[in-house]
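Below: the structure, in structure tokens.
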Amino acid sequence: MIVSPALLNKLSRAKLLTRWAVASVGVGERRSRTKGAGMEFAEHREYQPGDDLRYLDPHLYARFGAHYIRQYEVYQQLPITILLDASRSMNFGHPNKFDYARSLAALFGFVGLAGGDQVQIGVGAGRRLHWSVRYHGAQRAQRMFAWLGERTVENEGDFGATLRSATRNLSGRGLLIILSDWWEDDIEAELALLVATGQEVWGLQVVSPEELDPTMLGRGEVRLVDIESGHEVELAIDRASIDRYERAVAAWRAQIQAVLSRSHGRYLLAPTDGNVEKLFVEEWRARGMIG
């Protein structure tokens with residue numbers, strides 16, 4: 001897939017800013033909660049058998065007659081997992097929801113790599129979940145883009161099952177970014193399961209303009225087909241039905257947001273007609289997501 005070089009240049013010094021997820025893997029650029037060998041002094045602690053004697057502080061021993069170990073700040077990588085919904089409902093809209101979500105995933109991944117973090121991407125539906133390798137370093141970005149460009153929408157499987165399957169691949173208290181249209185009957189249980197893994201979850205709801213404004217489909221008698229199940233229903237698009245639809249969508253969005261808010265995560269609406277560059281360079285910086 002092709003990503004704008006100009007936009008990548010603007011994001012080349014950016015990083016993802018989390019609310020509470022911390023660096024916990026490898027060697028990176030973020031201060032972790034771990035203390036150990038390093039260059040930047042953090043604190044002293046009492047000596048324990050087995051500690052590296054090189055870090056004994058002779059000055060404190062001279063003053064207090066007790067052994068203390070010098071501890072230093074440890075800088076590590078934040079584990080970032082990006083989960084992309086490839087169920088059939090994502091193959092809809094103008095622009096296409098899956099293509100738009102794939103572009104967002106590529107840019108989130110690039111910002112993660114540019115910030116010195118570890119990035120892994122999962123794409124799929126149901127139990128058919130394809131995982132990339134774990135990428136490190138901005139120089140691996142083109143390989144990540146190429147891998148994403150090969151992914152397609154699945155012919156079967158619901159995203160709720162994908163979320164349940166993804167929990168087996170999550171480790172550590174990292175950042176989990178989910179890109180989906182969230183058109184599932186019972187997603188709250190799956191979200192709660194992901195939150196329980198200890199991830200900071202960002203849930204982006206990718207929607208087409210037609211889904212936000214059903215009048216774009218026309219007015220009067222129409223036949224709608226559920227792209228996931230094939231179920232058909234005939235209805236009249238009038239002011240009353242539009243009002244009911246808008247209330248239902250607002251309630252559904254509020255339900256997803258409430259689950260994420262309770263775990264100090266984020267909920268974001270991402271219409272496919274939105275300007276991607278404006279999102280990453282302006283709007284999401286202003287919201288404290290990108291630094």
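Every number in this text was worked out from the coordinates using simple rules, so none of it is lab data. These numbers were taken from a predicted model, which means no experiment stands behind them. A quick note on method: Cβ atoms are made from the backbone with ideal geometry, for glycine too, and the neighbour counts reach across all protein chains shown.
If we sort 97-105, 144-152 on the protection proxy, mean other Cβ atoms within 10 Å, highest first, what's the order? Write down the numbers at each step before the final one.
Values: 97-105: 22.6, 144-152: 16.2.
Descending packing order for the listed peptides: 97-105, 144-152.
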The answer for Asp181, listing residues at least 5 apart or on another chain whose modeled amide H is closer than 5 Å to its amide H, is Val206
Answer in debye to the nearest 20: the dipole magnitude of the range 78-286 about its Cα centre, from +1 Lys/Arg and -1 Asp/Glu charges placed on Cβ, is 1000 debye
Each label point is 7 Å from the Cα along the Cα-to-Cβ direction; what then is the distance between the points at Ser4 and Thr167, in nm?
3.9 nm
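Applying a 10 Å radius around every beta-carbon, put 280-288, 265-273 in order of their mean neighbour count, most first. Please report the intermediate quantities before stating the final value.
Details: 280-288: 14.4, 265-273: 18.4.
Most protected by this proxy first, the peptides run 265-273, 280-288.
Could you work out the Rg to Rh ratio of the range 78-286, with Rh taken as the Kirkwood radius (inverse of the mean 1/r over all Cα pairs)? Present the calculation step by step, with values, prior to reporting the outcome.
Numbers: Rg = 17.3 Å, Rh = 17.8 Å.
Rg divided by Rh gives 0.97.
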Could you check the simple spin-label distance between Glu282 and Ala196, using points 7 Å along Cα→Cβ, in nm with one decimal?
4.2 nm
Using θ = phi - 60° and the Karplus relation 6.51 cos²θ - 1.76 cosθ + 1.60, list the HN-Hα couplings for the range 102-118 in order, rounded to whole Hz, with x at every Gly or Pro.
5, 5, 4, 4, 4, 6, 4, x, 5, 4, x, 5, 4, x, x, 9, 9
